[in-house]
Amino acid sequence: MRALVRAMIVMMFVSAAPRGDDASQRVWQSDVAVRALELTMAQGGTSITARVVVATDSGEARGVRVELMLPVGVGVLSVPRDCRPSPSPVMSLNARVTCVLGDLRVREIRDLSIVTTGRPGWSEPLRFAAFVLSDKPDPQPSNNFAERSVP
């Protein structure tokens, strides 16, 4: 039985192996990265714009998603198309925003801007974090995360 399973696995890899000289077919991994996480607070602290820039550095990325983790007590005012705030029992408060970007070509860059409420008079810094994920294995996961705070 084990021999049969091993043979089936080998056949799957052989049949899925790239053919010809197309170098892009040989890439079984894709390095996706958070290139920037910039936070801009509106005057008076009433809103914060979080700008997330993601890119693929090698290989076409499949099923790319961005997760923006929000500080406690911050609500979502606007999100780009294909982004959704997390469900919350309190309508104006959310824990994160998830953006489904789909497939990205090699060296493609996407720029997302999410506007949240601020917290005027709050003494602690507001910390935001962004993660980018892909359905393909990532050879360099250390660049998939960024964290910033606003005073």
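Here ARG148 clears all of (1) crowded, with 17+ Cβ neighbours inside 10 Å; (2) outside any loop (DSSP other than H, G, I, E, B) except the condition numbered (1). Here the condition is being open to solvent by 80 Å² or more (accessible area, probe 1.4 Å), polar (S, T, N, Q) and closer than 30 Å to THR46 by Cβ; of SER123, SER113, it holds for SER123 alone. When each of VAL5, VAL27 is tested for being out of contact with any helix residue (DSSP H, G or I) (no Cβ under 8 Å at 6 or more places or on another chain), among the β-branched types (Val, Ile, Thr), within 21 Å of VAL132 (Cα to Cα) and at pLDDT below 95, the lone residue that passes is VAL27.
In segment 71-105, what count of residues is obtained for those that are of a type outside the set (Lys, Arg) and touching a strand residue (DSSP E or B) at 6+ places or on another chain (Cβ under 6 Å)? Within segment 71-105, residues that are of a type outside the set (Lys, Arg) and touching a strand residue (DSSP E or B) at 6+ places or on another chain (Cβ under 6 Å) number 20. Scanning segment 118-144 for residues that are in a loop (DSSP other than H, G, I, E, B) and within 23 Å of GLY75 (Cα to Cα) turns up GLY118, ARG119, PRO120, GLY121, TRP122, SER123, GLU124, PRO125. On inspection, ARG107 passes the criterion of being over 12 Å from GLY73 (Cα atoms) and over 12 Å from the mean Cα position of the chain (by Cα).
Mind listing whichever residues of segment 80-108 are outside any strand (DSSP E or B) and β-branched (Val, Ile, Thr)?
Of everything in segment 80-108, those that are outside any strand (DSSP E or B) and β-branched (Val, Ile, Thr) turn out to be VAL90, VAL106.
For LEU77, the conditions (1) free of Cβ contacts under 8 Å to residues at least 40 places away in the same chain; (2) in a strand (DSSP E or B); (3) more than 30 Å from ASP57 (Cα to Cα) are fulfilled apart from (1).
Selection of segment 27-82 for residues being open to solvent by 50 Å² or more (accessible area, probe 1.4 Å), within 16 Å of SER113 (Cβ to Cβ) and touching an Asp or Glu at 6+ places or on another chain (Cβ under 7 Å) yields only ARG51.
The values are calculated or read from the model by the stated rules, or taken from the named source; none is laboratory data. Note that the coordinates shown come from a computational prediction; the quantities given were computed from them, not determined experimentally. All Cβ positions, glycine included, derive from the backbone under ideal geometry; neighbour counts span all protein chains shown. Side chains included, ligands, DNA and RNA excluded: accessible areas come from the protein's heavy atoms. Shrake-Rupley method; radii C 1.70, N 1.55, O 1.52, S 1.80 Å.
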